[in-house]
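Report on one structure; see the data block that follows.
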């Protein structure tokens, strides 16, 4: 049916076309804004991501055998250490005194508390180190391999945004967790 003389088709109404265009532009702007905020949140998380590396060590220097644990923040943001768990034969070790009873006697012990500490990017801490007079037959690599077969360590830590991870002495990336309160840790 042809259009009557006083009525124009919808696409010739400037107000209607302008309104539809404004709605489309508004929806597109809303989508772009949402996407940009998502990308910015991810960039912020990445820019403050702490990544702890947990390693046991044994070294032989100047007749002294040193054995201990080293934790380093290889990430780009600070890490708040919430929990440290040391296991011997899969059983949790409660504290440093319990750890000492499982190690050979007469060790010179140095200790730094790790739980509750904020570990800056690039910083490292040795929560404990035991030093023994070395025997002529001691080999640091053999001692470390012997210890690693029975001992394990994991650290649960969080970023300043409240994201939490667990890093252990096994190779691989830290595992993201909902929080650090799920398991008990020792006094380290």
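Every condition in (1) modelled with pLDDT under 85; (2) in the same structural domain as residue 81 (by TED's automatic domain parsing); (3) more than 15 Å from the chain's Cα centre (by Cα) holds for residue 171 except the one numbered (3). Confirm whether residue 170 is under 15 Å from residue 85 (Cβ atoms), touching a strand residue (DSSP E or B) at 6+ places or on another chain (Cβ under 8 Å) and not in a strand (DSSP E or B). The answer is yes for residue 170. Within the range 64-78, one or more residues are touching a residue at least 60 places away in the same chain (Cβ under 8 Å), in contact with a strand residue (DSSP E or B) (Cβ under 6 Å, 6 or more places away or on another chain), buried (at least 17 other Cβ atoms within 10 Å of the Cβ) and not in a strand (DSSP E or B). In summary, residue 95 fulfils each of the numbered conditions (1) at pLDDT 90 or above; (2) in contact with a strand residue (DSSP E or B) (Cβ under 6 Å, 6 or more places away or on another chain) with the single exception of condition (1).
Summed over the range 137-155, residues that are surrounded by fewer than 16 Cβ atoms within 10 Å (Cβ to Cβ) and outside any helix (DSSP H, G or I) total 5.
When you go through (1) surrounded by fewer than 14 Cβ atoms within 10 Å (Cβ to Cβ); (2) assigned by TED's automatic domain parsing to the domain that holds residue 69; (3) modelled with pLDDT under 85 one by one for residue 134, which number turns out not to apply? Of (1) surrounded by fewer than 14 Cβ atoms within 10 Å (Cβ to Cβ); (2) assigned by TED's automatic domain parsing to the domain that holds residue 69; (3) modelled with pLDDT under 85, only one is false for residue 134: (1).
The values are calculated or read from the model by the stated rules, or taken from the named source; none is laboratory data. Predicted, not measured: the structure shown is a model, and the values here were computed from it. Positions of Cβ are generated from backbone atoms using ideal geometry, with glycine treated the same way; all protein chains shown enter the neighbour counts.
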